[in-house]
Each structure stands twice: as C-alpha cells, then as structure tokens.
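Okay, so here's the structure we're looking at.
The values are calculated or read from the model by the stated rules, or taken from the named source; none is laboratory data. Model, not experiment: these values are computed from the prediction. Counting neighbours? That spans all protein chains shown, and the Cβs are built from the backbone with ideal geometry, glycine included.
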Amino acid sequence: MLKVHLENFACKIYRDTRTAAHDQGVDLSTNFGVVYQVKKLRIHTELEAAQIYGELKRNFDNERIQNGNVVLVIDDISKEVQRYLVDMKVQLLKKEDVLKLASNFDDQEDRQKV
C-alpha cells in the first residue's frame, strides 16, 4: 500500500534487508531518504519503546533519525508510549492508519495494485 501511495508522488520504495526475525517485519527505503520500518508488534510500555528506539539507532544513522526520516509502521501502540517515540523524532504509522490510507485509493489501477 505504501508503494502504491508513494508512486502517486513519483517516489520509489525499495525493500531493505535489515530486519529482525522476532518482529516479523521488513524495512523499506525510499529514493528521497525516508526509511519505513514495518514491525508486527504491539508496544504498550516505555521499556518496549526504548528497545525499539535502540534498534533503530543501531540500524540507522543519528542524522536520519533526528531529521525525522525514520517511520515506524506498527500494529498498535499506546498513546503514552507513542509520545516517547515522537519525542525521539521517530514518526509513527499504526496499522489502522495504513488501512485508512488504503480505503482512499479511488483510482481503479491503484486499487488493483494494492
């Protein structure tokens, strides 16, 4: 869905190989410097968020994170914990946000791609 959405803005998205088996996720990079890290996790404590942030710091340079160019796509996260990651300059998309995005595909060709 992200690939189809970004194509509308002439952006390309590529699969990256830096993933951890425990989160069943995938990393996606773009031709404009933003990285999407997709994780099939639910985060409900600050300790879990700190662990995720530590992983992001190991995988991506500090400048990319501080510029807000790392987007975490996650199943669910509590509001309180979400604030922790946002304060660390990590952008967040919850699974429900991505599903809402998919519902906005009006073009038949885009819907077929998704």
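Key figures
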| read-out | value |
| --- | --- |
| The stretch 6-43 - residue that is in contact with a Leu (Cβ under 6 Å, 6 or more places away or on another chain) and crowded, with 18+ Cβ neighbours inside 10 Å and, of those, modelled with the lowest pLDDT | I13 |
| Subset of the stretch 34-52 (residues that are more than 12 Å from I77 (Cα to Cα) and among the small types (G, A, S)) | A50 |
| Subset of the stretch 44-66 that is in a loop (DSSP other than H, G, I, E, B) and either modelled with pLDDT under 90 or hydrophobic (A, V, I, L, M, F, W, C) (or both) - its residue that is farthest from the chain's Cα centre (by Cα) | D61 |
| When residues of the stretch 44-84 are limited to those that are small (G, A, S) and surrounded by 12 or more Cβ atoms within 10 Å (Cβ to Cβ), the one farthest from L2 (Cα to Cα) | A50 |
| Residue that is modelled with the lowest pLDDT, among those in the stretch 72-99 that are in contact with a helix residue (DSSP H, G or I) (Cβ under 6 Å, 6 or more places away or on another chain) and not in a strand (DSSP E or B) | V81 |
